[in-house]
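J.: Dropping the structure in here first, questions after.
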Amino acid sequence: MSRGVPLYGLCALVCIALGACSSSSSSAQSARPLAVKADGTLDPDKVDLSGAPGVTPDEQHRAEALLRSTIVEIQRWSDVAQAKRDGFASIGDRFTGSEHFVHWDWINDGKVLDATRPESLVYKVQPDGRRILEAAMFILPATYTLSNTPDLGGPLTQFHIHTVLCFDRSPVPSFHRPARPDGSCPPPFVKRLTTPMVHVWIRPNPCGPFAAIGGFANGTVKQGERTACDRDHGSPADI
């Protein structure tokens, strides 16, 4: 979430232009970009995440299942007005080009990686103010850290945390600023959304359907890992 810089496609800039991400393209021979329907969303009936090295059949199955269910289930919130009626609230980051709506009551509700109860929705903000639903963001409850995340999809999926986002203390928090250079939030602001999370994109993303978002809020991944970029299953361009 970076001020003045659209987020959608920043993964491509980081992964491709800067070369900061790992890629499986050199060794995966059968992996292909995911099929896209006429409405611009990924086709749940043609999800195929095969060909990625180091992924077990069980991991591929779990990743495909979550992607399919997410594509189908979150369509009910394509209209942001419906999302608001159902309890999602903007964190106030529309200035970035991608706006996160969080259902704060669902973060610690005991439901994990449930496409019928995603903790957050991500909308691409259009120049005319319209919002296009592009992803869900699944946020794990407070019992999880990067050291005990579920084995979702092996190398296909990567959880991250945020350590630089300062929010107000209201019951429905809004983002106000990044943390100070020493990592702290100036009073009265506090850090939120610090537990592991993973995006699931229902529209083509250059770094694949589980890509992170870049910018100043680029998440921190598990120590020893690099931010993943699944170019094999990603779209050839930011479309």
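The values are calculated or read from the model by the stated rules, or taken from the named source; none is laboratory data. Just so it is clear, the structure is predicted and the values come from calculations on it, not from any experiment. When we count neighbours, we look across all protein chains shown, and the Cβ atoms used for this are built from the backbone with ideal geometry, even at glycine.
J.: If you take the residues in the stretch 141-171 that are hydrophobic (A, V, I, L, M, F, W, C), assigned to a loop (DSSP other than H, G, I, E, B) and surrounded by 13 or more Cβ atoms within 10 Å (Cβ to Cβ), which one is modelled with the lowest pLDDT?
T.: Initially, the stretch 141-171 is screened for residues hydrophobic (A, V, I, L, M, F, W, C), giving 142, 146, 152, 156, 159, 161, 164-167.
Checking which are assigned to a loop (DSSP other than H, G, I, E, B) leaves us with 142, 146, 152, 159, 164.
Restricting the remaining residues to those that are surrounded by 13 or more Cβ atoms within 10 Å (Cβ to Cβ) gives 146, 152, 159, 164.
Numbers: L146: 95, L152: 96, F159: 96, V164: 85.
Checking each candidate, the answer is V164.
J.: Looking for something farther than 28 Å from I71 by Cα and modelled with pLDDT under 95 - is there at least one such residue anywhere in the stretch 204-217? Write out each step before concluding.
T.: Of the stretch 204-217, the ones farther than 28 Å from I71 by Cα are none.
The answer is no; no qualifying residue exists.
J.: Every residue in the stretch 46-74 that is hydroxyl-bearing (S, T, Y) and buried (at least 20 other Cβ atoms within 10 Å of the Cβ), please.
T.: Listed by number, the list holds a single entry, T70.
J.: Step by step: first the residues of the stretch 182-203, then only those that are of a type in the set (A, V, I, L, M) and at pLDDT 90 or above, then the one that is surrounded by the fewest Cβ atoms within 10 Å (Cβ to Cβ). Which residue is that?
T.: That would be V190.
J.: Are any of the residues in the stretch 185-193 under 17 Å from the mean Cα position of the chain (by Cα) and in contact (Cβ under 8 Å) with a residue 24 or more places away in the chain?
T.: Within the stretch 185-193, one or more residues are under 17 Å from the mean Cα position of the chain (by Cα) and in contact (Cβ under 8 Å) with a residue 24 or more places away in the chain.
J.: Here is a follow-up. Output the residues belonging to the stretch 132-180 that are among the aromatic types (F, W, Y) and within 19 Å of V122 (Cα to Cα).
T.: If the condition is that a residue be among the aromatic types (F, W, Y) and within 19 Å of V122 (Cα to Cα), then F138, F159, F167, F175 are the ones that fit.
J.: Give the stretch 58-100 a look and list any residue that's of a type in the set (A, V, I, L, M) and at pLDDT below 95, or say none.
T.: Passing the criteria: only I91.
J.: Identify, by number, the condition in (1) within 16 Å of the chain's Cα centre (by Cα); (2) modelled with pLDDT under 95 that R117 doesn't meet.
T.: Single failed check for R117: (2).
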